[in-house]
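Below is one structure, written out as structure tokens, with a few remarks after it.
The values are calculated or read from the model by the stated rules, or taken from the named source; none is laboratory data. Only a predicted model underlies this, so the values are computations on that prediction, with no experimental measurement involved. Here the Cβ is made from the backbone with ideal geometry for all residues, glycine too, and neighbour counts use every protein chain on show. Side chains are part of the model used for accessible areas, which takes the heavy atoms of the whole protein and leaves out ligands, DNA and RNA. Shrake-Rupley method; radii C 1.70, N 1.55, O 1.52, S 1.80 Å.
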Amino acid sequence: MRYDCAILGGGPAGLNAALLLGRARREVLLLDDGQPRNRVTRASHGFLTRDGVQPAEFRRLAHEELARYPSVAAARQKVIRVNRSPSGFSLQTASGSQYEAGRIILATGLAESFPDIEGFGDFYGSSLFNCPYCDGWELRDKRLVLVSESAGAFHTAKLLYNWSKDLIVCTNWQTNLSAEQQIALHRRGISVYTKPIARYEGRDGQLEAIRFKDGTSIARDGGFVTPRFAQKSDFGEQLGCELNAFGAIVTDAFGRTSARGVYAAGDSSVVSPSQLVIAAAEGSRAAMGVNADLTEDVFRDA
């Protein structure tokens with residue numbers, strides 16, 4: 001079967017794109033590998049009417065709504081190859097399945113990597129997070145740490161000061177804060193530690209301290225760690241999509257990329273800020289772009 005549009009990625013962007021295209025009576029295929037970036041998160045925030053929803057529950061509700069539309073099909077499949085074909089695009093999955101689609105939406109999102117510090121996995125998603133807007137409220141007024149090796153450490157520290165004045169910044173031996181920036185932080189009572197970190201310490205997912213390699217430690221109740229992001233898949237590059245300086249796929253206001261017939265939405269095209277509500281909105285815009293272009297095709301051929 002040939003689909004009007006295949007959507008790669010079943011996060012909020014891909015799900016919302018499928019919803020709008022289904023309501024537009026388009027034949028849609030949603031392909032997802034079942035490995036969402038927020039799978040370790042206990043609750044997602046900032047989405048009106050769904051504030052605090054568990055990610056798995058969010059996806060369950062979304063698929064329940066998509067099931068109302070007979071033209072929307074969803075499959076738990078990992079796409080390994082996308083090629084152009086006479087009818088648009090040919091997609092092959094790891095299980096050997098093949099699909100044809102006239103348009104594709106890349107909503108595969110981002111892959112994140114964090115500073116290699118012992119114990120991180122024991123606390124990430126419970127008392128260590130990466131987005132202040134998503135989880136800052138839950139850590140308000142606690143003893144917080146920002147672990148950041150990135151150039152954005154100063155900006156993030158200033159944001160976190162809004163949620164807690166008891167804040168320290170650890171750069172893990174990186175020189176990513178200028179002398180002027182460190183002075184500005186110190187003036188607000190924010191201490192900066194440049195020495196390398198040995199491990200995170202605590203129990204049952206609750207951070208209790210940061211242990212440095214010199215043997216010293218400082219008590220903390222939770223905090224934020226700045227990740228590095230990269231495209232989860234390289235389909236965009238393979239298909240000739242332009243990327244910006246942040247590694248995001250460049251799109252117009254309706255998700256169209258520089259590659260004909262290819263659209264992008266969610267974290268794939270908006271690296272930051274990264275929130276459910278923003279990704280869902282981007283999926284909606286890309287779906288409108290697809291539907292508008294499919295409509296123009298009909299009248300152009302008339």
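General remarks:
- Candidates 248, 198, 94: whichever shows maximal mean-square fluctuation once the chain is modelled as a Gaussian network with Cα springs under 10 Å: 94
- For the options 190, 104, 249, a Gaussian network treatment of the chain with springs between C-alpha atoms closer than 10 Å singles out 190 as fluctuating the most.
- Normalised contact order of the stretch 218-302, rounded percent, pairs of Cα under 8 Å and 6 or more residues apart: 21
- Estimated D of the chain in µm² per second, where Rh is the Kirkwood radius over Cα pairs and Stokes-Einstein applies at 25 °C, 0.890 mPa s: 119
- Restricting the calculation to Cα atoms, every distinct pair contributes to the Kirkwood radius of the stretch 89-177, found to be 16.1 Å.
- Accessible carbon and sulfur surface of the stretch 178-302 relative to its total accessible area, %, 1.4 Å: 50
- Accessible surface calculations at 1.4 Å, restricted to protein heavy atoms, place the chain at 50 Å² per residue.
- Each DSSP beta bridge with both residues in the chain is either parallel or antiparallel, and the antiparallel ones are about 45%.
- Size descriptor, Kirkwood hydrodynamic radius, that averages inverse alpha-carbon separations across the stretch 247-302, Å: 11.6
- Evaluated over the chain, the count of Lys pairs having alpha-carbon atoms less than 30 Å apart is 11 (only pairs 8 or more residues apart or interchain).
- HN-Hα J in Hz across the stretch 3-14 - Karplus 6.51, -1.76, 1.60, θ = phi - 60°, x for Gly and Pro: 9, 5, 8, 10, 10, 9, x, x, x, x, 5, x
- Think of the chain as having a plus end and a minus end, set by charges on the Cβ of Lys, Arg, Asp and Glu; of 91, 207, 263, 207 sits farthest toward the positive end of this dipole.
- Accessible-area composition of the stretch 1-74, carbon plus sulfur, in percent [1.4 Å probe]: 48
- Estimated at the nearest 10 Å², the accessible area of residue 20 is 50 Å² with a 1.4 Å probe.
- Of all the options 117, 278, 105, the one that moves most in a Gaussian network model of the chain with Cα springs shorter than 10 angstrom is 117.
- Cys with no candidate disulfide partner in the chain (beta-carbon separation under 4.7 Å rule): 5, 170, 241
- Relative contact order (%) - criterion: Cα under 8 Å, at least six apart; region: the chain: 22
- Amide H contacts of residue 74 (H built 1.01 Å from N, under 5 Å, at least 5 apart or other chain): 30
- Kirkwood hydrodynamic radius of the stretch 1-138, from inverse mean 1/r over distinct Cα pairs, in Å: 16.5
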